[in-house]
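See structure below.
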Amino acid sequence: MKGFKLILSLSALAAFHINDVKAQSGYVEDALRFSQYGSNGTARITSLGGTGNSLGGDLSNIHNNPAGLGFYQNSEFSFTAGYSDWNASTSLLGQTENFNKTNFSLPNLGVVISRAKGPLEVGDWRGGSFGISINRQATYNNDFGYFSNQFDQGSILDYYVDVYNDIGVPGGTDGLFFDAFLINPVSGGGYDYSPNATLALEKTEKVQNEGTMSQIGFSYGGNYKNKLFIGASIGINSISYSSTKTYDEEFLDDNNQTSLFSSLQENLTLTGSGVNVGLGIIYKPIDELNVGLNFKSPTWTQFNEEYDADIFANFFPPFQDPEFGNVSESDAQTDIFMSSYSLRTPMRIGTGLTYFFGKNGFITADANFLDYSSANLRSNVFNTEQDNIEISNLYGQTINYSVGGELRVKMFRLRAGYAYFGDPIKDPGNLDRSTNQISGGVGVKLSGFSIDLGLVNSKFNSYYSSFPGADLAITDNNRTTGLLTLGFSF
């Protein structure tokens with residue numbers, strides 16, 4: 001069953017520009033995709049760069065450091081609405097294609113029930129708060145692609161002719177090129193591509209991704225002497241992801257007329273659910289300073305997937321097949337393949353500091369450690385040994401940093417933040433996959449009600465090759481998200 005993801009895997013892992021690896025699995029990319037998290041939560045926290053390891057009293061603590069719930073003195077309900085705009089500019093061999101995807105969402109909705117003791121109540125334990133929230137952890141809604149008409153660029157047929165001559169006609173998606181008469185047996189043995197395939201070639205590919213990773217979180221945070229705050233959480237993740245890849249090749253004759261056109265489309269759908277646990281503490285050595293420590297366990301997720309692919313081709317003039325005669329057009333498709341596997345993502349360890357300038361505001365900073373090479377795949381359907389070896393060899397450790405500050409003027413709040421997410425590839429070479437994020441926002445805090453606005457801009461590069469040996473396409477990603485959070489205390 002695993003072979004059906006070969007082309008997806010080749011293109012996906014070529015996106016990381018892996019050298020000296022000839023056959024990879026798309027599951028290795030899944031291990032990274034579902035292990036990465038950006039800054040998320042309420043508009044207040046996202047405008048502070050996503051910091052939250054040492055900052056309490058926000059609904060985002062349910063999914064970040066649950067100890068922060070111990071700061072609540074009143075119960076609160078809030079919801080967040082968001083609008084994102086994702087621009088992708090892909091360059092290949094000096095030619096650039098631009099894509100845009102917008103999305104409206106409700107990334108955070110939750111309630112905190114506080115059972116804090118009043119100032120006159122005795123006891124070292126000052127009560128605590130329970131929170132439940134639905135939070136969007138990641139979004140996968142983006143499109144990118146390229147067009148190239150450079151002379152003598154490599155064709156996918158060149159690659160598969162070598163594969164066929166090496167191992168024969170494979171099954172699954174790889175065999176579609178044979179079924180569609182694009183690669184054929186030749187006299188004397190071996191295989192070659194259609195004679196309609198000339199040197200002048202135009203290539204086009206578009207990749208359309210959709211999906212989200214959301215979490216329902218249950219957390220409790222307690223307060224000891226207003227000095228030590230401790231908390232624990234359980235998160236239940238829900239993941240949906242789909243990808244459609246359309247890869248076209250058009251060969252031109254000496255008169256600049258089409259001699260061969262082919263189009264390969266692949267469809268992948270993934271659904272999954274998982275669970276994780278979290279522990280956190282925040283300590284106040286002095287009134288002005290919070291020191292936080294946050295632990296998030298690996299997430300154990302079970303995935304179900306469906307995949308199918310189809311290809312069609314037009315031949316000008318018709319291809320002459322010794323068995324079927326004139327072939328002017330052809331098509332072939334795979335069955336719908338279904339599989340399942342489980343993924344254990346890396347644990348996350350974070351620390352943070354927050355310093356308060358009286359009632360005038362604060363500055364806060366976080367550092368989070370992740371080891372992406374510790375991700376692990378298991379399946380009763382296929383052997384994951386090679387996948388786990390490649391995960392260990394390909395991915396590395398990162399420390400993600402974020403810093404933010406808030407200025408308070410009476411009821412008004414002014415915020416700014418910055419975050420850096422490190423490159424997850426162990427040996428990135430001269431390719432930089434890190435993410436830089438700047439953010440800002442404003443807020444109004446009233447008795448029993450608050451409103452916050454946040455704006456986040458993220459920039460990062462991604463890399464993609466359609467098949468081994470193909471030229472590398474570089475995508476400049478620029479994503480801007482606006483958030484509005486309304487909070488009600490009771």
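Is it fair to say Ser466 is modelled with pLDDT under 95 and either open to solvent by less than 20 Å² (accessible area, probe 1.4 Å) or out of contact with any Cys (no Cβ under 6 Å at 6 or more places or on another chain) (or both)? Yes; evaluated as a whole, the condition is true for this residue. Residues that are assigned to a strand (DSSP E or B), under 29 Å from Val275 (Cα atoms) and not aromatic (Phe, Trp, Tyr) within the range 318-363 comprise Met338, Ser339, Ser340, Ser342, Leu343, Arg344, Arg348, Ile349, Gly350, Thr351, Gly352, Leu353, listed in sequence order. Scanning the range 280-296 for residues that are over 16 Å from Asn53 (Cβ atoms) and touching a residue at least 60 places away in the same chain (Cβ under 8 Å), which turns out least open to solvent (accessible area, probe 1.4 Å)? Selected residue: Glu288. Of all the criteria given as (1) surrounded by 15 or more Cβ atoms within 10 Å (Cβ to Cβ); (2) within 20 Å of the chain's Cα centre (by Cα), the one not satisfied by Gly441 is (2). Put simply, of Leu120, Leu201, Leu106 the only residue that is in a strand (DSSP E or B) and farther than 26 Å from Asp331 by Cα is Leu106. For the range 340-362, the count of residues that are without any contact (Cβ under 8 Å) to a residue 40 or more places away in the chain and hydroxyl-bearing (Ser, Thr, Tyr) is zero. Scanning the range 164-198 for residues being assigned to a helix (DSSP H, G or I) and either open to solvent by less than 30 Å² (accessible area, probe 1.4 Å) or touching a strand residue (DSSP E or B) at 6+ places or on another chain (Cβ under 8 Å) (or both) gives a total of 10.
Filter the range 393-404 for residues that are closer than 13 Å to Ser434 by Cα and open to solvent by 30 Å² or more (accessible area, probe 1.4 Å) and give the result. Gln397, Ile399, Tyr401, listed by residue number.
Select from the range 366-392 the residues that are out of contact with any Gly (no Cβ under 6 Å at 6 or more places or on another chain), closer than 24 Å to Gly292 by Cα and not in a helix (DSSP H, G or I) and write down the one among them that is least open to solvent (accessible area, probe 1.4 Å). That would be Leu370. Quick check on my filter: what residues within the range 297-307 are crowded, with 17+ Cβ neighbours inside 10 Å, more than 18 Å from the chain's Cα centre (by Cα) and part of a strand (DSSP E or B)? Tyr307 - this is the single residue of the range 297-307 that is crowded, with 17+ Cβ neighbours inside 10 Å, more than 18 Å from the chain's Cα centre (by Cα) and part of a strand (DSSP E or B).
Taken over the range 344-365, the criterion of being open to solvent by 80 Å² or more (accessible area, probe 1.4 Å) and polar (S, T, N, Q) is satisfied by Asn360 alone.
Give Ser84, Ser155, Ser129, Ser89 a once-over and let me know the one that is of a type in the set (S, T, N, Q), in contact with a helix residue (DSSP H, G or I) (Cβ under 7 Å, 6 or more places away or on another chain) and touching a residue at least 60 places away in the same chain (Cβ under 8 Å). Going through Ser84, Ser155, Ser129, Ser89 in turn, just one is of a type in the set (S, T, N, Q), in contact with a helix residue (DSSP H, G or I) (Cβ under 7 Å, 6 or more places away or on another chain) and touching a residue at least 60 places away in the same chain (Cβ under 8 Å): Ser129.
So, in the range 91-107, of the ones that are under 18 Å from the mean Cα position of the chain (by Cα) and open to solvent by less than 30 Å² (accessible area, probe 1.4 Å), which residue ends up nearest to Phe144 (Cα to Cα)? Only one residue fits best here, namely Ser105. Counting the residues of the range 231-269 that are within 20 Å of Glu205 (Cβ to Cβ), within 18 Å of the chain's Cα centre (by Cα) and aliphatic (A, V, I, L, M) gives 1.
Taken over the range 328-343, the criterion of being crowded, with 16+ Cβ neighbours inside 10 Å and of a type outside the set (S, T, N, Q) is satisfied by Ala332, Phe337, Tyr341, Leu343. Would you confirm whether any residue within the range 26-49 is modelled with pLDDT under 95, out of contact with any strand residue (DSSP E or B) (no Cβ under 6 Å at 6 or more places or on another chain), open to solvent by 20 Å² or more (accessible area, probe 1.4 Å) and assigned to a helix (DSSP H, G or I)? Yes, that holds for at least one residue.
The values are calculated or read from the model by the stated rules, or taken from the named source; none is laboratory data. Being a predicted model, the structure only gives us computed values, none of them experimental. Cβ coordinates were reconstructed from backbone atoms using ideal geometry, including for glycine residues, and neighbour counts include every protein chain displayed. With ligands, DNA and RNA removed, areas are computed over all heavy atoms of the protein, side chains included. Shrake-Rupley method; radii C 1.70, N 1.55, O 1.52, S 1.80 Å.
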